[in-house]
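Worksheet: the structure to be examined is printed underneath.
The values are calculated or read from the model by the stated rules, or taken from the named source; none is laboratory data. Since this is a predicted model, take the numbers as computed values, not measurements. Cβ sites come from the backbone with ideal geometry, for glycine too, and all protein chains shown count toward neighbours.
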Amino acid sequence: MTELLSVQNLTKHFATRHGVVRAVEDVSFTVASGETVALVGESGCGKTTVALSLLRLIRPDSGFVRFEGADLEGTSDRSALKWRQRLSIVFQNPYSSLDPRMRIRDIVGEPLVTAYGLKGKALTERVLRHLTEVGLGSEHLARFPHEFSGGQRQRIAIARALALEPKLLILDEPTAALDVSIQAQVLNLLQVLQKRLGLSYLFISHNLATVENIADRVLVMYLGRMVEEGPVEQVFASPRHPYTRGLLDSVPSIDPKLRGRLKPVTGELPSALNPPPGCAFAPRCAWAGEECRAAPPHLMPAGPGRAHACLHPL
Amino acid sequence: MGVATTAPTGQPGGVFVPQAGNAVMTDNLLEIRDLHVEFPGLERTVKAVRGCTLFVAKGEVMGLVGESGSGKSITALACLGLVPPPGRVTGSIRLDGHEVVGALDADNERLRGGVAAMIFQNPGKALNPFFTIGRQLTDVIVNVRRIQQAAARGIAIAALTEVRIADPDRAMHKYPHQLSGGQLQRVMIAMALACKPKLVIADEPTTALDVTIQAQVIVLLRDLAREHGLTVLFITHDLGVVGSVCDRLAVMYAGRVMESGSVDGLLASPAHPYTASLLRAVPMLGRGRTELMQIPGTVPNMAAPPPGCAFHPRCPSAGPSCASEVPAMRETNGGRSIACHHPLPAPAGSSEDVGTLAS
């Protein structure tokens, strides 16, 4: 597999009235072509900031983003437009990401008009092709978003994201807002589309079960930093970072025999305004020593494809 | 092995009376019988609950599972007489011997807090942003338990300690925006417990929380229920949460209970096709990259629910009778009941239910 996206030392701080929020700190990772990489972590850990930086919806403070070997450079809107033809995003909530006053034809067609200036029959045909891809049809063209269920809306959002035939799709919690019985439809659709179109996914989620189902590799973030990465089955079977262990132990199991296994991590996510000086997880970590509180550990390679940022790996 | 195959009798969705002599069933704190809740409108009437029958025994943690729009939250609100206008409630809800449906609001008021307390999904919205945590806690305690302000303060601090809020004295002086979501939910739990209720209704109490915080709240609720012998009606859409907290479970779909029984038995061998499909459609940790079973179609529109069994348009084992006849709720074995014309056979010999049946 060839490297499609490469992110190096991405950093984004937000200056607020109360101080500097270190939303993303020195994050590096790659996505190979045809691969699904999951980015997991709790709310406030910087997952979405990474996604928005990749799309240049916000500008990172430092770091490089390369796509197919080419740098993300230039500051003009025109270069951003070119960039967004190659990677696209599906947002979490299809109830707020679709304009209620636009018809489906215009929602899916808008990127085609903006990027290629398509119109008339060519536009309709192209829109229809993308709608068919996600299991919708011509009868839906003239409808408004409110006429669709949550699962169908998410399909429309996926069709819109695919309209410019991107190579990489960023999926920001694409099933979190959907009904339980509908989530499988969307997850299966994503896997079918990936095979058919050769897409790569950056799958952002806090739902570890979903990640296990769809992803090849997983990146675990905690308070703006990456703490562990590796192939999903390896990381989930034997996590090295105590935070990853804690996350896995926090997932309530459906199996009543494992009922007593729920072992929550103590404490809460520290404020990103005032992060602990050393390892951000140290205040909640049972293995933390003095050296953990001194300086944040760096992500160190550990075995093929795996890495963790911990001084006392499990 | 198999479930009873006798033809369902009685009115569709009619009153289902559990068999006498079942020790779990005889001592019910909450009895919901044939509950209907409708919201009439000019163009359409939304039938949110359509014949829900549910019993919660004293001291048990009962899970009520369903997707959004299945009527689980409205059922919970109806238990406290809190269905908002223009909702029309019919049927019967007996809470601690008191009939809620049709009672005067003043009478139901006495139930709220003292007999049954509710924990809502979003603690940030359930608390008033203008008042301190302490003020809101003591106000509720004074109102419900009719005691002095000073005594209420002591009870409030004790309750905050019990839900493991660090430094409860300081927390009393904080405003809701100064606490995190997990801490606010602990405050809500403290508020519910401080009134010494017999029943706690928890409506998706962990849905708005992060995974690690959700696990903390689940463990807290489980421990508190055990220590105080609380009866809990736990509403959620997450089957994993049910597996971790609940003793028994009722699965709701389109305003009706489809299946109920012990968590162990029901999750191990679901008899209703809806429960079975749901269990295979949800990704679960430890299953790897298995393909998820897709449930076709969408959740029904409750203004025009499908005739017969509401699940039949999406059901893999639906027959002709499913579209015309509403399956009645009937008891099978091991304290389980089901409303289905074509229930799935129990796996031979493997179910824990079989043991209870034989004894």
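Suppose we keep only residues that are hydrophobic (A, V, I, L, M, F, W, C) and within 12 Å of chain B (Cβ to nearest Cβ) within the stretch A:164-181. Which one would you say is farthest from A:Arg84 (Cα to Cα)?
Of the stretch A:164-181, the ones hydrophobic (A, V, I, L, M, F, W, C) are A:164, A:168-171, A:176-178, A:180.
Of the ones still in play, those that are also within 12 Å of chain B (Cβ to nearest Cβ) are A:176-178, A:180.
Details: A:Ala176: 24, A:Ala177: 25, A:Leu178: 26, A:Val180: 31 Å.
Applying the filter and picking the extreme gives A:Val180.
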Q. Across the stretch B:187-211, which residue is nearest to the other protein chains (Cβ to nearest Cβ) among those that are surrounded by fewer than 24 Cβ atoms within 10 Å (Cβ to Cβ), farther than 20 Å from B:Leu95 by Cβ and not hydrophobic (A, V, I, L, M, F, W, C)?
A. B:Asp210
**Q.** Only one of B:Lys125, B:Lys174 that is surrounded by fewer than 22 Cβ atoms within 10 Å (Cβ to Cβ), outside any strand (DSSP E or B), more than 14 Å from chain A (Cβ to nearest Cβ) and at pLDDT below 90
**A.** B:Lys125
Q. Which strands (runs of 3 or more DSSP E) sit wholly inside the stretch A:1-76 and have at least 3 residues that are buried (at least 20 other Cβ atoms within 10 Å of the Cβ) and within 17 Å of the chain's Cα centre (by Cα)?
A. A:3-16, A:19-32, A:36-40
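Being surrounded by 24 or more Cβ atoms within 10 Å (Cβ to Cβ), within 30 Å of A:Gly135 (Cβ to Cβ) and more than 8 Å from every other protein chain (Cβ to nearest Cβ), is that true of even one residue in the stretch B:221-230?
Of the stretch B:221-230, the ones surrounded by 24 or more Cβ atoms within 10 Å (Cβ to Cβ) are B:221.
Checking the rest, the ones that are also within 30 Å of A:Gly135 (Cβ to Cβ) come to none.
Checked against the condition, which is being surrounded by 24 or more Cβ atoms within 10 Å (Cβ to Cβ), within 30 Å of A:Gly135 (Cβ to Cβ) and more than 8 Å from every other protein chain (Cβ to nearest Cβ), the stretch B:221-230 yields no hits at all.
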Q | Residues of the stretch A:255-284 that turn out to be more than 12 Å from every other protein chain (Cβ to nearest Cβ) and in a loop (DSSP other than H, G, I, E, B), as a count | A | 9
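From B:Ile218, B:Ile165, which residue is under 27 Å from B:Asn28 (Cα atoms), within 14 Å of chain A (Cβ to nearest Cβ) and without any contact (Cβ under 8 Å) to a residue 60 or more places away in the chain? Break it down into steps so the answer makes sense when it comes.
Details: B:Ile165 fails: under 27 Å from B:Asn28 (Cα atoms).
Of the residues listed, the single one that is under 27 Å from B:Asn28 (Cα atoms), within 14 Å of chain A (Cβ to nearest Cβ) and without any contact (Cβ under 8 Å) to a residue 60 or more places away in the chain is B:Ile218.
Kindly establish whether A:Glu173 is among the charged types (D, E, K, R) and under 17 Å from the mean Cα position of the chain (by Cα). Outline the logic, then answer.
Values: among the charged types (D, E, K, R): yes; under 17 Å from the mean Cα position of the chain (by Cα): yes.
Spelling it out, A:Glu173 is indeed among the charged types (D, E, K, R) and under 17 Å from the mean Cα position of the chain (by Cα).
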Q.
Considering only residues that are within 14 Å of another protein chain (Cβ to nearest Cβ) and in contact with a Leu (Cβ under 6 Å, 6 or more places away or on another chain), which ones fall in the stretch B:66-116?
A. B:Lys72
Q.
Here is a list: A:Val218, A:Val265, A:Val251, A:Val186. Which entry is closer than 25 Å to A:Leu10 by Cβ and touching a helix residue (DSSP H, G or I) at 6+ places or on another chain (Cβ under 9 Å)?
A. A:Val218
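A:Leu171 - would you say it is crowded, with 23+ Cβ neighbours inside 10 Å, more than 29 Å from B:Arg314 (Cα to Cα) and touching a residue at least 60 places away in the same chain (Cβ under 8 Å)? Talk me through it step by step, then tell me what you get.
On the way: crowded, with 23+ Cβ neighbours inside 10 Å: yes; more than 29 Å from B:Arg314 (Cα to Cα): no; touching a residue at least 60 places away in the same chain (Cβ under 8 Å): yes.
No.
Taking B:Ala48, is it under 13 Å from the mean Cα position of the chain (by Cα), modelled with pLDDT of 90 or more and more than 14 Å from chain A (Cβ to nearest Cβ)?
No.
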Q: Report whether or not A:Gln191 is surrounded by 23 or more Cβ atoms within 10 Å (Cβ to Cβ), closer than 17 Å to B:Pro283 by Cβ and within 12 Å of another protein chain (Cβ to nearest Cβ).
A: no
Q.
Restricting to the stretch A:194-211, name every residue that is at the interface with chain B (Cβ under 9 Å from one of its Cβ atoms) and under 14 Å from the mean Cα position of the chain (by Cα).
A. A:His206, A:Asn207, A:Leu208, A:Thr210, A:Val211
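Can you tell me which residue among B:Ser68, B:Ser73, B:Ser92 is modelled with pLDDT of 90 or more, within 21 Å of B:Ser260 (Cβ to Cβ) and surrounded by fewer than 17 Cβ atoms within 10 Å (Cβ to Cβ)? Spell out the reasoning first.
Values: B:Ser68 fails: modelled with pLDDT of 90 or more; B:Ser73 fails: surrounded by fewer than 17 Cβ atoms within 10 Å (Cβ to Cβ).
Just a single option satisfies the conditions, and that option is B:Ser92.
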Q: State whether one or more residues within the stretch A:245-252 are touching a residue at least 40 places away in the same chain (Cβ under 8 Å), surrounded by 22 or more Cβ atoms within 10 Å (Cβ to Cβ) and not in a loop (DSSP other than H, G, I, E, B).
A: yes
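In this structure, is A:Arg245 of a type in the set (Lys, Arg) and within 12 Å of chain B (Cβ to nearest Cβ)? I'd like the intermediate steps shown before the answer.
Working: of a type in the set (Lys, Arg): yes; within 12 Å of chain B (Cβ to nearest Cβ): yes.
Spelling it out, A:Arg245 is indeed of a type in the set (Lys, Arg) and within 12 Å of chain B (Cβ to nearest Cβ).
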Q.
Going residue by residue through the stretch B:217-233, is there one that turns out to be out of contact with any helix residue (DSSP H, G or I) (no Cβ under 6 Å at 6 or more places or on another chain), outside any loop (DSSP other than H, G, I, E, B) and among the β-branched types (Val, Ile, Thr)?
A. yes
